[in-house]
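To start, the structure itself, in C-alpha cells.
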Amino acid sequence: MKRLDDNTYKAKKVSGNGFIDYYLWVSRFGEHYIQLHFNDFDTKSPGTFPECFFKITDHSNKSLSLDNICGVDKKLVKQTIRNVNTPTFLQAAINHYNDEVLSIIEK
C-alpha cells in the first residue's frame with residue numbers, strides 16, 4: 001500500500017467542534033483507504049487512533065458502530081477496532097472523502 005498523495009485531509013467532525021485529519025492510501029488493486037491521523041480539537045482527552053487503514057468501500061453507506069469497524073494493519077492483517085472514538089471519527093472522514101475529495105482525485 002502507498003500513500004495516495006502528500007495531502008493531509010481535514011474532515012469536520014460529525015458532532016461537536018473541530019476536525020479530524022486523515023491520510024489517503026491506495027492498495028495495489030486501486031482500493032482507497034483512510035488512515036485517521038489527528039484530532040485537532042484541543043481537549044484534555046483528544047482521543048486516540050488505531051494504527052489501521054480503513055477500506056472506504058467497506059465502511060461507506062452504513063451505520064458505523066463498535067461492532068462493525070475493521071481495518072488492516074501495515075502487514076494487511078485484518079483488525080477489529082473497539083475504540084469508542086473510531087466510528088464517529090471514521091464517519092467524518094468518509095463523509096468528507098465522499099463529499100469533497102472523491103470528485104477531485106478522480107479527475
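The values are calculated or read from the model by the stated rules, or taken from the named source; none is laboratory data. Source: prediction; values computed, not measured. Cβ coordinates were reconstructed from backbone atoms using ideal geometry, including for glycine residues, and neighbour counts include every protein chain displayed.
Considering only region 12-35, state which residues are within 12 Å of LEU90 (Cβ to Cβ) and modelled with pLDDT under 95.
Within region 12-35, LYS13, VAL14, ILE20 meet the criteria.
Of all the residues that make up region 14-33, how many are under 16 Å from SER60 (Cα atoms) and either out of contact with any Lys or Arg (no Cβ under 9 Å at 6 or more places or on another chain) or in a loop (DSSP other than H, G, I, E, B) (or both)?
Here the count works out to 2.
Quick check: is even one residue across region 93-101 within 14 Å of PHE53 (Cα to Cα), part of a helix (DSSP H, G or I) and among the small types (Gly, Ala, Ser)?
Keep residues of region 93-101 that are within 14 Å of PHE53 (Cα to Cα), which gives 93-94.
When the remaining residues are screened for being part of a helix (DSSP H, G or I), the result is 93-94.
Keeping just the survivors that are among the small types (Gly, Ala, Ser) gives 93.
Looking through region 93-101, at least one residue is within 14 Å of PHE53 (Cα to Cα), part of a helix (DSSP H, G or I) and among the small types (Gly, Ala, Ser).
What number of residues in region 1-41 are surrounded by 15 or more Cβ atoms within 10 Å (Cβ to Cβ) and in contact with a Gly (Cβ under 6 Å, 6 or more places away or on another chain)?
1
Looking at LYS62, LYS55, LYS78, which is the one that is in contact with a strand residue (DSSP E or B) (Cβ under 7 Å, 6 or more places away or on another chain) and free of Cβ contacts under 8 Å to residues at least 24 places away in the same chain?
Values: LYS62 fails: in contact with a strand residue (DSSP E or B) (Cβ under 7 Å, 6 or more places away or on another chain); LYS55 fails: free of Cβ contacts under 8 Å to residues at least 24 places away in the same chain.
That would be LYS78, the only listed residue that is in contact with a strand residue (DSSP E or B) (Cβ under 7 Å, 6 or more places away or on another chain) and free of Cβ contacts under 8 Å to residues at least 24 places away in the same chain.
Do you know which of the residues in region 36-65 that are part of a loop (DSSP other than H, G, I, E, B) and basic (Lys, Arg) is modelled with the lowest pLDDT? Even if it seems obvious, please write down each step before you answer.
Taking region 36-65 as the starting set, the residues that turn out to be part of a loop (DSSP other than H, G, I, E, B) are 40-52, 60-65.
Then keep just the ones that are basic (Lys, Arg); that gives 44, 62.
Details: LYS44: 61, LYS62: 70.
Out of the qualifying residues, it is LYS44.
Determine whether region 16-32 contains at least one residue that is of a type in the set (A, V, I, L, M), without any contact (Cβ under 8 Å) to a residue 60 or more places away in the chain and touching a helix residue (DSSP H, G or I) at 6+ places or on another chain (Cβ under 7 Å). Lay out the reasoning, then the answer.
Filtering region 16-32 down to residues of a type in the set (A, V, I, L, M) leaves 20, 24, 26.
Within this subset, residues satisfying the condition of being without any contact (Cβ under 8 Å) to a residue 60 or more places away in the chain are 26.
Subsequent filtering for residues that are touching a helix residue (DSSP H, G or I) at 6+ places or on another chain (Cβ under 7 Å) retains none.
No, the conditions are met nowhere in region 16-32.
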